[in-house]
Every structure is written in C-alpha cells, then in structure tokens.
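A.B. asks: Pasting in a structure now, in structure tokens, and then I'll have a few things to ask.
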Amino acid sequence: MLWTYRRAVHDPRPTNGTPSTVPSIRSRHSEGATPRLHLEPDVHEIARGNNEGEGDRFRIDSFRLRPGTNLLRIVPPHPDSTGSYTLNATSEPWCSAKPPQAIKETPMRNRFQAFTSRAPSRYPQALLAICVLLAVPSIAPAQWRRLMNPLIPVSIEHPPRYVLSTDKIIVAPAVGACGDDITAELITGFADRESEVLGREDLALILNVLDLGARSGYSLDKDAALAVGQHVGPGALLRIHVTQCDSERIPSSRTVSRKVGKGDDATTIRVKVRRSTTEFRLRFSVNVTNLATGVTYAAETFSYSPSKYNESEYSQPEYPSAYPLKESALQSAVPDVSKLLFPWTEVKGMTFFNSTKNSCNLKLAHLALVAGDNKNALDLSKQNIELCNSGPKASKTIRSNAYYNAGVMYRVAGEFDTALEHFQQAADLKPGAAIVEEAIQECEDARLKRQAMLQFQEETDEQREALQAEVAKIEAANEAAEQEQRAKQTLTNEEITLAVRKQLPEWMILARIEASGCDFDLSVDALAALHDAGVPKAVITAMIGCEP
C-alpha cells in the first residue's frame, strides 16, 4: 500500500490576517529568503491507497531548531505504519510568486525528516575502523590464541541434586495459583525420560488402596511415603507450593538523542520514548520425597520473571500480552526442576590448536576431529607429540600445544587421568599459559563430576536393592501370616467327629467345610471310623470333595 501526502503549495502571505504556523523543513537559505513549507487546508488527510478505503490521518509536528531552520516530524497513527510521502517546499523571498519546488519522495522509514543537499559524512565510520585496528594489538595473548584457534565441544555429566531412584515419579497436586499449570508442564517434561510419571488421579488411587485416602499428597509423613514406595517401587514424590503467579504492567519513559540533518546542518535533539512493560512473576518451591527411604529433602525454590516491552515516541504503546511470558516461565521451570532428579549434561568449549606453520602437523588432528573421527584425531595427536619431540626446530610453545591437543582428545574420550598428565606436560613446557591452566581445572572438575555420577548410580542401586529386599521381607511375612491363619482354620477328621458329638446341625458342618481349608484323612480306615461315629453321609461326601 502506498500513502502520499497531498500536494503542499506555496502561499505567499497569511490568510484572514492570521500568521502562518505551518512547519518548515531544514534548508539553507540566503539573506532575505525565508524557507517555508505551506500546506493545503486538508494536508493532514492522506490519499487513499490501493485498498480503496479511507486514508488514515497523520499528525505533523514542527520543531524550531534555530533561526531559519525548522524540523518537520511526520507522526503516523500507528507505530508500525509504513508507506511514503512527498514534501514540497520553497526557499524564495516572502513575496516571490515562483511555484513550489518538489524536494523529494521519501519512504516512511524515519520518524524525523529534515532536508539538506549535502551528502552524509563518512568520517565517523572511518574513525571507528581505525579504532578497531588500533585495538587489535592490545588483545591479551591468551585471548588472541582463543580467537585464532577453534573451539571443540566437551561435555560434563552432572549428577542430580538428590540421590534417589527415578523409576517412578509421582507429582502430587500443587498448592497455590498456577499449580495445575506447573504440574501439567512437569508431567509433560518428565514424559521424555525413562520414568513412569504418575499424576493426581494415580496418587489418589494408590492412597485409597493403601487405606490412606483421607490424606492429601502434601501431608504424607515418612511412614506413609514408605508405604507408597513399597507399593509402587523406588521413586520420587514431588510436592509443589506456588507462592506467586501474577503479571504486572509497568509504564516508563526515557529520553534519547536523535541526530537530524546532514553535514553542517546536522544537529542533535532530545526525544522522549515511552515504554510499556509487561512482567510475569512465577515463584514456587518443590519438596522431593525419596520413596525408597521415606526421607523428604529441604524445599528448593524456583523463581522466574520474564518481561517484554513495547516502545513508542508518539504515545503510550500497548502492553504486551502476559500469556507468552507465562508459557516461557513454565517451560524454563522444567529443566531446572529436572536437575533435582535426573543427571544433566553441560557442554563447554575447549580450544584446539590447529596452526600449520612449524606445527608438527597439528592441523591434521583437527581435520580428523572436524570429520567426527575422534579415534583418528587422538592417534594423530599422539603422533604430533612424537614428531615435535624428534624435530629440533619445534619450539616449546608448539610442543606444549601438541601435548595440550592430546590431552583434549583424552578428555573427550573420558580418560581424565591420562588427559591431566598431558595437560601437566603442556604446562611444564609453557608455564602460566591460561588456556592450559583452564583445561587442567576443567578436567579435574569433570573427573570429580564423573566420580559423583558413579557414586550416585551405586547409591541409587543400593536404595533400589534395599527397598526390594524390604518388600520381599514384608511379602514373606505376610505369606507366613496367611499360612498360619489358614492352618488355624483347617479342619481335620477329629474336628468333624467332635462337631457331630456336639450335635451341631448338618448344614452348619457343611458350611464350615466349604469356608475353611481341609486336611482330612480319607483312608478306608478313617472313613470307616467316621461312619461308626455317626457322621452324616452328606458330611462325609463334602469331606471327600474338599480341596486342601
């Protein structure tokens, strides 16, 4: 769509005795010439565009910078308005009758428009380039080596915050505003893990089965948590308490400098910029209970406050919607909460020397590394050390780089002790090298994290085995109790004979046989003894048909 201003014409004198107040544009002029921009009465109306609709109305502001020089500002109805406009002006004496001279047609990119016939000065750009060139030699040697050599990614495995099994994760109902949103986001995020995730309905069913239905997921004590763990297996119970979930609209403003004009006519003005900021605040705590031990760890607090703003130089702009900010906060919470339960990986960059000048072929190892052949890169790095040590022209710096590269490859392979040996040899050849010292520190930290991961796996396996042993013990005890109870209820020939002597009704004896276990002696002599004792035929038949 193309918007244009209606033609501006030169009016040699004010009408109806009223002084003209229309704005002028910046222009150089000679003595006696007054540059003015006179507009038609409907100049604020914009010509219709190709949508055949009514045009919007723009506002025109004028600022007097100095005698003979004014600034014309075109204010669109919306900050995102685009298009072009045509300005017409004269720089003739007041009584001149010459027709107006068209200045130019300009795309609606700049909020301020000032006229000048001079080309923009390029001195600032040249000065900036000179400053950059002068600053390069002042870069520290370590920083220079980082800039001139590539970085390769290395990973560090971090153990979770708590040592517990995550075979099953139960997310209890949350307390507070946005609680359901947080639990839903966590359940969705945990679904990608190799864990069985249970929610509100699953927890309610488990509590009912365990006769704990009157308790909520937030008030489970140690015994109840152990009972849940024995029922579902090792895992974690998450209880969430939301303390803040709201948004705030914050108006503000600032003053900025704007350069207008070109060349000798350039000047700087101060412009007020209005800002409308929307900030969303989310704060909650998470209690984690180890279902294998019943231990509840101290609550961890998480806080997020994403914000977004709109700015305008015309009026107070609209406030951004809070919904995307809320979604951003919820999504940020998932990886942070996950670190409480799951191992996580941190990726760092390590410098790898790949120079070619007197470099003992360090470049070849880097090419193999780029190709993804880490084994070949390690072999080439070890060959580089041999080549550097055998060559008399290799400097200590190059030899240090060769040992360093080999250490990096051992670090990538997870052989931390060997990597540290090579890093130390590199440090001995070039003491104080910042890159080597940082590599030693990073490798030691990664080794400690690896040991922590191994310990985490051992402890979680021990907890899982201990819980399984406890569950097996409980099941065995329950089975023994059931057997004992069944033994007490088991009927024998003597009990049937006694019941007949006590003259119990036949239907009662039959019901007792049907409801109890039986351990009858059904030999010929035993059956004859029952018959001689007067046991009814129906009772003897039921005894023969009873299954132990």
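The values are calculated or read from the model by the stated rules, or taken from the named source; none is laboratory data. Fair warning: this is a prediction, and the values are worked out from it, not measured in the lab. Because the Cβ atoms are built from the backbone with ideal geometry, glycine has one as well, and the counts that use them run over all protein chains shown.
A.B. asks: Given the conditions (1) at pLDDT below 85; (2) touching a helix residue (DSSP H, G or I) at 6+ places or on another chain (Cβ under 8 Å); (3) under 30 Å from Ser523 (Cα atoms), which single one is not true for Glu506?
C.D. replies: (1)
A.B. asks: Quick one: how many residues across segment 384-438 are more than 33 Å from the chain's Cα centre (by Cα) and among the acidic types (Asp, Glu)?
C.D. replies: Residues meeting the conditions: 4.
A.B. asks: Considering only residues that are in contact with a Phe, Trp or Tyr (Cβ under 7 Å, 6 or more places away or on another chain) and of a type in the set (A, V, I, L, M), look in segment 152-169 and name the one that is modelled with the highest pLDDT.
C.D. replies: Ranking the qualifying residues of segment 152-169, first place goes to Ile169.
A.B. asks: Now for a separate question. State which residue is modelled with the highest pLDDT when the search covers only segment 183-215 and only residues that are acidic (Asp, Glu) and closer than 16 Å to Ala227 by Cα.
C.D. replies: Applying the filter and picking the extreme gives Asp202.
Here is a yes/no grid of residues against (1) modelled with pLDDT of 90 or more; (2) assigned to a helix (DSSP H, G or I); (3) surrounded by 12 or more Cβ atoms within 10 Å (Cβ to Cβ):
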position: Cys388; (1), (2), (3): no, yes, yes
position: Tyr403; (1), (2), (3): yes, yes, yes
position: Gly407; (1), (2), (3): yes, yes, yes
position: Arg411; (1), (2), (3): yes, yes, yes
position: Glu458; (1), (2), (3): no, yes, no
position: Val471; (1), (2), (3): no, yes, yes
position: Ala476; (1), (2), (3): no, yes, no
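A.B. asks: Can you tell me which residue is farthest from Pro173 (Cα to Cα) among those in segment 242-293 that are among the acidic types (Asp, Glu) and within 21 Å of the chain's Cα centre (by Cα)?
C.D. replies: Looking at the filtered set, the residue picked out is Glu279.
A.B. asks: Pairs under 8 Å by beta carbon, first residue farther than 15 Å from Pro343 by Cα in segment 189-205, partner among the polar types (S, T, N, Q) and surrounded by 17 or more Cβ atoms within 10 Å (Cβ to Cβ), six or more apart or different chains?
C.D. replies: Pairs found: Gly199/Thr183; Arg200/Thr183.
A.B. asks: Just one of (1) assigned by TED's automatic domain parsing to the domain that holds Ser155; (2) more than 30 Å from Asp417 (Cβ to Cβ); (3) in contact with a Lys or Arg (Cβ under 9 Å, 6 or more places away or on another chain) trips up Ala499, so point out which.
C.D. replies: Just one mismatch for Ala499, condition (1).
A.B. asks: To continue, here is another question. Given the conditions (1) of a type in the set (A, V, I, L, M); (2) more than 21 Å from the chain's Cα centre (by Cα); (3) not in a strand (DSSP E or B), which single one is not true for Ile170?
C.D. replies: (3)
A.B. asks: Those residues that are within 15 Å of Val334 (Cβ to Cβ) and basic (Lys, Arg), I need them from segment 172-204; list them, please.
C.D. replies: Arg193
A.B. asks: Does segment 435-454 contain any residue that is of a type in the set (S, T, N, Q), crowded, with 21+ Cβ neighbours inside 10 Å and not assigned by TED's automatic domain parsing to the domain that holds Ala292?
C.D. replies: Within segment 435-454 (the criterion being of a type in the set (S, T, N, Q), crowded, with 21+ Cβ neighbours inside 10 Å and not assigned by TED's automatic domain parsing to the domain that holds Ala292), the answer is no, since none of the residues qualifies.
A.B. asks: Do you know which residues across segment 402-423 are closer than 22 Å to Ser355 by Cβ and free of Cβ contacts under 8 Å to residues at least 40 places away in the same chain?
C.D. replies: Scanning segment 402-423 gives Tyr403, Ala406, Gly407, Tyr410, Ala419, His422, Phe423.
A.B. asks: Same structure again: Condition (residue is at pLDDT 95 or above, of a type in the set (Gly, Ala, Ser) and either surrounded by fewer than 16 Cβ atoms within 10 Å (Cβ to Cβ) or in contact with a strand residue (DSSP E or B) (Cβ under 8 Å, 6 or more places away or on another chain) (or both)) applied to segment 271-284: is it met by at least one residue?
C.D. replies: Yes.
A.B. asks: Would you pick out the residues in segment 486-541 that are part of a loop (DSSP other than H, G, I, E, B) and not polar (S, T, N, Q)?
C.D. replies: Lys502, Leu504, Pro505, Gly517, Asp519, Phe520, Asp521, Leu522, Ala533, Gly534, Val535, Pro536
A.B. asks: Taking segment 297-322, which residues are among the hydroxyl-bearing types (Ser, Thr, Tyr) and modelled with pLDDT of 95 or more?
C.D. replies: Of everything in segment 297-322, those that are among the hydroxyl-bearing types (Ser, Thr, Tyr) and modelled with pLDDT of 95 or more turn out to be Thr301, Ser303, Tyr304, Ser305, Ser307, Tyr309, Tyr319, Ser321.
A.B. asks: Pick from segment 324-377 the residues that are in a helix (DSSP H, G or I) and of a type in the set (S, T, N, Q): which of them is nearest to Asp192 (Cα to Cα)?
C.D. replies: Within segment 324-377, the match that is nearest to Asp192 (Cα to Cα) is Ser338.
A.B. asks: Cβ contacts < 6 Å: first residue on the phi > 0 side of the Ramachandran plot, restricted to segment 438-466; second residue surrounded by 16 or more Cβ atoms within 10 Å (Cβ to Cβ) and of a type outside the set (S, T, N, Q), any location; separation 6+ or different chain. Result?
C.D. replies: Sorted first by the residue in segment 438-466, then by its partner, the list stays empty.
A.B. asks: So, of the residues in segment 390-401 that are assigned to a helix (DSSP H, G or I) and in contact (Cβ under 8 Å) with a residue 24 or more places away in the chain, which turns out to be farthest from Leu362 (Cα to Cα)?
C.D. replies: Step by step, filter segment 390-401, then rank; the result is Lys396.
A.B. asks: Continuing with this model, one more query. If I filter segment 507-517 for residues that are of a type in the set (S, T, N, Q) and either surrounded by fewer than 10 Cβ atoms within 10 Å (Cβ to Cβ) or free of Cβ contacts under 8 Å to residues at least 12 places away in the same chain (or both), do I get at least one hit?
C.D. replies: no
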